[in-house]
Amino acid sequence: MSGRFTGKSILVTGAGSGIGLATAELFAREGASVLAVDLDEKIEGAFRENPSITVMRGDAGSEADVTAMIAAAVDRHGGLDVICANAGISGGMKGLFDQTAEDWETLLRVDLIGPFLAIKHGAKAMLAAERPGAIICTASVAGLRAGAGGPAYSAAKAGVINLVQTAAQQLTGSGIRVNAVCPGLIETGMTQALYDLARAKNRENMIGQLNPLQRGGDPVEIANAIGFLASDEASYVNGHALVVDGGLSTSHPFAKPRVLGETTF
């Protein structure tokens with residue numbers, strides 16, 4: 001099938017479910033050859049019916065694994081045009097007094113160092129082939145201001161937003177664009193417990209009630225935004241964080257927790 005990405009080689013991390021899965025499918029529908037990567041073994045059966053997508057197990061926070069992913073994409077598809085650094089973990093909603101340094105190290109390795117590695121090694125591959133490209137990192141509205149995630153997750157996503165700005169400047173003159181997408185509340189593995197609880201209590205209509213659209217988002221809606229940033233339609237968009245949250249971040253309303261750890265305020 002021809003489309004915006006016909007003839008393009010694209011790498012998507014965190015592709016086993018949610019946003020990553022929807023994004024890999026979108027790229028394939030629009031003509032790309034896609035390497036879909038996830039640490040979870042479920043990636044091995046995720047795209048069996050799609051000949052345009054090959055799969056690979058890998059840890060997006062491991063430099064050795066990231067270099068192997070990029071080498072595989074280049075070897076299998078003759079180069080690399082787009083990277084979607086989507087893999088991430090949430091770390092839960094523990095407060096400052098409940099999180100440990102180890103919790104932060106684990107989350108930052110995947111959610112911030114992972115995108116850094118994708119940009120570093122992906123851009124090198126693009127430069128070596130003397131071909132322009134696009135790199136899109138999944139950040140979050142939690143990286144914009146407080147109220148949408150735990151401390152470590154929010155700090156990591158804020159780092160991703162600054163990382164794409166810095167990387168865009170570092171790659172001046174290369175023709176490589178680096179952008180981020182900032183999802184709001186989307187039904188994925190990270191948020192499934194919230195959705196399941198709401199449905200069990202027959203309160204699904206309250207999901208997303210804090211944003212002006214008053215609903216949660218679908219992974220496909222984020223994939224569409226990523227597809228735009230990866231395409232020639234966004235040829236003059238660089239160093240940008242595109243918010244896709246139903247309007248939530250226009251105010252980020254939230255109730256202050258009464259209890260943080262063992263301390264009551």
Residue in the stretch 193-215 that is at pLDDT 95 or above and either part of a loop (DSSP other than H, G, I, E, B) or of a type outside the set (Phe, Trp, Tyr) (or both) present: no
Some residue of the stretch 35-54 being assigned to a strand (DSSP E or B) and more than 17 Å from Ile136 (Cα to Cα): yes
Residue list for the stretch 208-239, restricted to those being out of contact with any Asp or Glu (no Cβ under 8 Å at 6 or more places or on another chain), free of Cβ contacts under 8 Å to residues at least 60 places away in the same chain and not aromatic (Phe, Trp, Tyr): Gly208, Gln209, Leu210, Pro212, Leu213, Gln214, Arg215, Glu221, Ala225, Ser235
Condition check for Val66: of a type in the set (A, V, I, L, M), touching a His at 6+ places or on another chain (Cβ under 6 Å), touching a residue at least 24 places away in the same chain (Cβ under 8 Å) and surrounded by 15 or more Cβ atoms within 10 Å (Cβ to Cβ): yes
Phe47 free of Cβ contacts under 8 Å to residues at least 40 places away in the same chain and more than 23 Å from Gly184 (Cα to Cα): yes
Meets criteria (in a helix (DSSP H, G or I) and either touching a Phe, Trp or Tyr at 6+ places or on another chain (Cβ under 7 Å) or modelled with pLDDT of 95 or more (or both)) for Ala167: yes
The stretch 111-161 - residue that is closer than 21 Å to Leu21 by Cα and of a type in the set (S, T, N, Q) and, of those, surrounded by the fewest Cβ atoms within 10 Å (Cβ to Cβ): Thr138
Lone unmet requirement of (1) under 23 Å from Ser154 (Cβ atoms); (2) buried (at least 19 other Cβ atoms within 10 Å of the Cβ); (3) not hydrophobic (A, V, I, L, M, F, W, C) for Glu105: (2)
Some residue of the stretch 84-98 being surrounded by fewer than 24 Cβ atoms within 10 Å (Cβ to Cβ), among the hydroxyl-bearing types (Ser, Thr, Tyr) and assigned to a helix (DSSP H, G or I): no
Test: residue in the stretch 42-51 that is of a type outside the set (Asp, Glu), surrounded by fewer than 17 Cβ atoms within 10 Å (Cβ to Cβ) and closer than 20 Å to Ala168 by Cβ: no
Unique match (being surrounded by fewer than 17 Cβ atoms within 10 Å (Cβ to Cβ) and either of a type in the set (Ser, Thr, Tyr) or part of a loop (DSSP other than H, G, I, E, B) (or both)) among Gly3, Gly61, Gly79: Gly3
Every residue from the stretch 216-230 that is part of a helix (DSSP H, G or I) and not small (Gly, Ala, Ser): Pro219, Val220, Glu221, Ile222, Asn224, Ile226, Phe228, Leu229
Filtered residues of the stretch 10-25 (kept if under 23 Å from Pro132 (Cα atoms) and surrounded by fewer than 24 Cβ atoms within 10 Å (Cβ to Cβ)): Glu25
Members of the stretch 150-165 found to be more than 14 Å from Trp104 (Cα to Cα) and touching a residue at least 60 places away in the same chain (Cβ under 8 Å), listed by number: Ile161, Val164, Gln165
Residues located in the stretch 170-188, provided they are modelled with pLDDT under 95 and among the small types (Gly, Ala, Ser): Gly184
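The values are calculated or read from the model by the stated rules, or taken from the named source; none is laboratory data. Predicted, not measured: the structure shown is a model, and the values here were computed from it. All Cβ positions, even for glycine, are placed from backbone atoms using ideal geometry, and neighbour counts span all protein chains on display.
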